[in-house]
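Student: Questions regarding the structure given below will be posed in turn.
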Amino acid sequence: DAPLISSMSETKAILQKHGFTFKKSLGQNFLTNPQLLMQMVSAADLTTKEQVLEIGPGIGALTQLLAHSADKVVALEIDQRLLPILADTLAAYHNVKVMNQDVLKTDLAELVRANFDHVEPIKVVANLPYYITTPILFKLLAAPVPFAKIVVMMQKEVAQRLVAEPGHKDYGSLSVAIQTKMTAKIEFKVPKTAFVPQPKVDSAIVSLTPLDTPLIPESQQASFNQFVLVAFKQRRKQMINNFLNYFGKSDQLRADLSRYFEGIGIKPTVRAEALSLVQLKQLYQILLKNNY
Ligand code: SAM
């Protein structure tokens, strides 16, 4: 059996062999806990027919385990210095393809078309670079690729926002944008001590599974997300003021908005954080119908 890249001793040996120095600006915190990575892979529920997109393989700690569990792994790594290292650590795995690419500049539909079988499911499994967690999540959600499951490690605070329910302090535009399309679940928490170098924050592994029917049709998703950003703009304020600031203040508008709110049983003094996904959708539709 090949040694596990993610064991502390193996990671240290690899880093030393290649004289690798971490770049903080690229969110390089490598997991050195095989047990945790195995739990992460099992949360992805892979079959050996399924295909995986990994973002940020680092030195290949997670990639190696994915290669054992999936049919194929395509891993996008921005740091060119890691490519010769990955070629070395993953030499034995012929079902892995590493590409020197920035995930945020990658056309995911094209990547999938060119590299994956079109019938078998595709999943995303990744220990994300934390400085771009939210842009990556939005990119994955907006991609015209039906990812069967997304299992990603991120800072705990962001994970809590993804799963937050109405009324909770972490409930906001990110919770809503995610939950209109996916079921979000925190699989388990990961202490900062599991990484080298140690990040400042604790982490969590989140699984995202697509809803059978998204709450908002695809064609309206972008404008709904924009509506939600406005609704939650100043969380501590009444939502109506966020809309008045956005559309331009007038007594007429205030009266109209109040009427729309009341029409769907929402008090005009409410804060966005109190509203359920369904209430937000209703309000969005009324504004749309009235040409806002
Ligand atoms: N997968 C490894 C692990 O679990 O130990 C490393 C994870 S580390 C948190 C994040 C990785 O993402 C780093 O290897 C970093 O170089 C890479 N990365 C950072 N920004 C990226 C981007 N825009 N596109 C692709 N990879 C990126």
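Each value in this text was obtained by applying a stated rule to the coordinates, not by laboratory testing. Note that the structure is a prediction, hence the values are computed from the model and not measured. So basically every Cβ, Gly included, is an ideal-geometry build from the backbone, and we count neighbours across all protein chains shown.
Student: Can you pull the three principal axis extents for the Cα set of segment 166-205, in Å, largest first?
Tutor: 35, 19, 13
Student: Taking the Cα centre of the chain as origin, work out the dipole magnitude from +1 charges on Lys and Arg Cβ and -1 charges on Asp and Glu Cβ, in debye rounded to 20. Please report the intermediate quantities before stating the final value.
Tutor: Values: 32 positive and 25 negative charges, 244 e Å.
My answer is approximately 1180 debye.
Student: Oh, and also: Most fluctuating residue of Ser69, Ser219, Ser175 in a GNM of the chain with Cα springs under 10 Å: which is it?
Tutor: Ser219
Student: Still on this structure, I have one more. Taking the Cα atoms of segment 131-210, what is the range of coordinates along each of the three principal axes, in descending order and whole Å?
Tutor: Taking max minus min along each principal axis of the Cα atoms, segment 131-210 gives 35, 31, 21 Å.
Student: Relative contact order of segment 70-208: what whole-number percent is it, with Cα pairs under 8 angstrom and at least 6 residues apart?
Tutor: Working: 179 pairs, mean separation 26.5, N = 139.
For segment 70-208, the relative contact order is 19 percent.
Student: Same structure, new question: Taking a threshold of 19 Å on the Cα-Cα distance, which of the pairs Lys24/Lys72; Lys24/Lys192; Lys17/Lys72; Lys49/Lys123 fall above it?
Tutor: From Lys24/Lys72; Lys24/Lys192; Lys17/Lys72; Lys49/Lys123, over 19 Å: Lys24/Lys72; Lys17/Lys72.
Student: Also, I was wondering about something else. For segment 85-219, rounded, prolate or oblate, judged on the Cα gyration tensor with a ≥ b ≥ c (square roots of eigenvalues), a/c < 1.5 rounded, else prolate if a/b > b/c?
Tutor: Numbers: a/c = 2.09, a/b = 1.16, b/c = 1.80.
Since a/c reaches 1.5 but b/c is at least a/b, the shape of segment 85-219 is classed as oblate.
Student: Now for a separate question. Within 10 Å, count the other beta carbons around each residue, average over each peptide in 54-67, 187-200, 156-169, 107-120, and list them highest first.
Tutor: Top of the packing list down: 54-67, 156-169, 187-200, 107-120.
Student: Now for a separate question. Report, in whole Å, the centroid distance computed from the Cα atoms of segment 192-270 and segment 1-73.
Tutor: Answer, in whole Å: 35.
Student: Mind checking the dipole of segment 1-139: about its Cα centre, +1 per Lys or Arg Cβ, -1 per Asp or Glu Cβ, Debye to the nearest 20?
Tutor: That gives a dipole near 400 debye.
Student: Mind checking which of Met153, Met182, Met99 has the largest fluctuation in a GNM of the chain, springs on alpha carbons under 10 Å?
Tutor: Met99
Student: Counting pairs of Cα atoms in the chain, how many percent are more than 23 Å apart? Numbers along the way, then the final one.
Tutor: Details: 24571 of 42486 pairs.
Tail of P(r) above 23 Å: 58 percent of Cα pairs.
Student: Could you tell me which of rounded, prolate or oblate describes segment 198-258, using a ≥ b ≥ c as the square roots of the eigenvalues of the alpha-carbon gyration tensor, with rounded for a/c under 1.5 and, failing that, prolate when a/b is larger than b/c and oblate otherwise?
Tutor: It comes out oblate by the Cα gyration axes.
Student: Rounded to whole Å and sorted largest first, list the principal axis extents of the Cα atoms in segment 1-112.
Tutor: Taking max minus min along each principal axis of the Cα atoms, segment 1-112 gives 35, 33, 22 Å.
Student: Under the rule of -39500 (n - 2.57) per DSSP H run of 4 or more residues, summed and divided by the residues of the chain, what mean residue ellipticity at 222 nm is obtained, to the nearest 500 deg cm²/dmol?
Tutor: Computed mean residue ellipticity for the chain: -12000 deg cm²/dmol.
Student: I want to verify a result. In a Gaussian network model of the chain, Cα cutoff 10 Å, which of these has the top mean-square fluctuation: Gln80, Gln252, Gln220?
Tutor: Gln252
Student: What is the gain in length, in nm to one decimal, between Asp88 and Thr183 on full extension, counting 0.36 nm per residue of separation less the C-alpha to C-alpha distance?
Tutor: Value of the extension gain: 30.5 nm.
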